[in-house]
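Working notes, beginning with the structure itself.
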Amino acid sequence: MSPTTRPITVDVPTPYYDLFTKMLNGMGFKYDNPLPKAEPKPVKKAKPKRGTKEYILDTIVEGVREAKLYEQGLIELPSAEELLNEL
């Protein structure tokens, strides 16, 4: 380290990390990157409209998932009597 430079530590929010590193590179700064490149967050898809093919498939998948959780004893499902009372 030369006497004309000083080390600093900066916490950069994840959404701005790539922009910030490009900016540092563009200005000729040298920096250490102790962390791997941030992974993008998965994007949640919008729920399909009722009655569409995608909606029907999604509800079937959700039902199968709930059935597996019930078999494992992780969730409780309402009884048939409770379901009929809702109608």
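The values are calculated or read from the model by the stated rules, or taken from the named source; none is laboratory data. All values derive from a computational prediction rather than experimental measurement. All Cβ positions, glycine included, derive from the backbone under ideal geometry; neighbour counts span all protein chains shown. These area figures cover heavy atoms from the full protein model, side chains too; ligands, DNA and RNA do not enter into them. Shrake-Rupley method; radii C 1.70, N 1.55, O 1.52, S 1.80 Å.
With the simple spin-label model, which puts each label point 7 Å out from Cα in the Cβ direction, the Val43 to Leu87 separation comes to 4.1 nm. For the stretch 47-53, 3J(HN,Hα) computed residue by residue from phi via the Karplus equation (6.51, -1.76, 1.60; θ = phi - 60°) reads 5, x, 5, 4, x, 7, 4 Hz, glycine and proline entered as x. Looking at the chain, the GluC sites (Glu not before Pro) that sit in a DSSP loop and have at most 15 other Cβ atoms within 10 Å of their own Cβ are Glu76. Dipole of the chain computed with +1 at Lys/Arg Cβ and -1 at Asp/Glu Cβ about the Cα centre; of Met23, Leu84, Thr52, farthest Cα towards the positive end is Met23.
Run the accessible area of the chain with a 1.4 Å probe and give the carbon-and-sulfur part as a rounded percent. List each step's numbers first, then the result.
Working: 5370 of 9050 Å².
For the chain, the apolar C and S fraction of the accessible surface comes to 59 percent.
Over the stretch 4-56, with the other protein chains present, what is the accessible area per residue in square angstrom, probe 1.4 angstrom? All intermediate terms of the calculation are to be shown ahead of the outcome.
Details: 5770 Å² over 53 residues.
Each residue of the stretch 4-56 exposes 109 Å² on average to a 1.4 Å probe.
Dipole magnitude of the chain about its Cα centre, charges +1 at Lys/Arg Cβ and -1 at Asp/Glu Cβ only, in debye to the nearest 20? If you can, show how the numbers build up before the last one.
Values: 13 positive and 13 negative charges, 170 e Å.
Its charge dipole is roughly 820 debye.
Dividing the helix sum by the residues of the chain, where each DSSP H run of 4 or more adds -39500 (n - 2.57), gives a mean residue ellipticity at 222 nm of -13000 deg cm²/dmol.
Starting from the Cα gyration tensor of the chain, multiply each eigenvalue by 5, take the square root, and state the resulting semi-axes largest first in whole Å. Working shown, then result.
On the way: eigenvalues 594, 61, 21 Å².
Each semi-axis is the square root of five times an eigenvalue, giving 55, 17, 10 Å.
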